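What follows is a set of notes on a single structure, which appears directly below.
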Amino acid sequence: MPKKRKNRGRKKGDKGREPYVYCDNCGKVTPRSKAVRLTVPYSPVPPDLARELEKQGAIISRYLVTKTYCINCAIFFGIIKVRPREERKKKIPLQQVV
């Protein structure tokens, strides 16, 4: 059966077995090199209240939250896009695909 991608959709190379991670959306078990990780700032304070507090001079802390998605959920949420065959071969960072 022919391979669709040269690296089989993973970044592990010849490292052998690697740990698995769970998708934060659907719970699917995915190899760590194949999973899509997204780090976003999170604030426990609602945005409208945070704006008012910042006008008064308060400092609102934000936390970086890292979400891990399987390929299906990452495509569904628009984090990564499905690219044509020729564009798949190009090495471009994740930020430029979005």
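The values are calculated or read from the model by the stated rules, or taken from the named source; none is laboratory data. All values derive from a computational prediction rather than experimental measurement. In this analysis, Cβ positions are derived from the backbone assuming ideal geometry, glycine residues included, and neighbour counts consider all displayed protein chains.
Output the number of residues of the range 7-24 satisfying the condition of being over 13 Å from the mean Cα position of the chain (by Cα) and either in contact (Cβ under 8 Å) with a residue 24 or more places away in the chain or more than 24 Å from residue 88 (Cβ to Cβ) (or both).
Residues that pass the stated criteria total 6.
Yes/no matrix, rows are residues, columns are (1) among the hydrophobic types (A, V, I, L, M, F, W, C); (2) out of contact with any Ser or Thr (no Cβ under 6 Å at 6 or more places or on another chain); (3) at pLDDT below 95:
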site	(1), (2), (3)
2	no, yes, yes
34	no, yes, yes
68	no, yes, no
71	yes, yes, yes
82	yes, yes, yes
89	no, yes, yes
96	no, yes, yes
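For the range 66-87, how many residues meet the condition of being surrounded by 12 or more Cβ atoms within 10 Å (Cβ to Cβ) and not in a loop (DSSP other than H, G, I, E, B)?
Residues meeting the conditions: 9.
Of (1) surrounded by fewer than 10 Cβ atoms within 10 Å (Cβ to Cβ); (2) assigned to a helix (DSSP H, G or I), residue 57 satisfies all except one. Which?
Of (1) surrounded by fewer than 10 Cβ atoms within 10 Å (Cβ to Cβ); (2) assigned to a helix (DSSP H, G or I), only one is false for residue 57: (2).
Could you tell me whether the range 25-35 includes any residue that is surrounded by 10 or more Cβ atoms within 10 Å (Cβ to Cβ), in contact (Cβ under 8 Å) with a residue 12 or more places away in the chain, at negative phi and not in a loop (DSSP other than H, G, I, E, B)?
Among the residues of the range 25-35, at least one is surrounded by 10 or more Cβ atoms within 10 Å (Cβ to Cβ), in contact (Cβ under 8 Å) with a residue 12 or more places away in the chain, at negative phi and not in a loop (DSSP other than H, G, I, E, B), which makes the answer yes.
Could you check how many residues of the range 44-76 are polar (S, T, N, Q) and more than 19 Å from the chain's Cα centre (by Cα)?
2
Exactly one of (1) modelled with pLDDT under 95; (2) exposed (fewer than 12 other Cβ atoms within 10 Å of the Cβ) is unmet by residue 9. Its number?
Unmet for residue 9, out of (1) modelled with pLDDT under 95; (2) exposed (fewer than 12 other Cβ atoms within 10 Å of the Cβ): (2).
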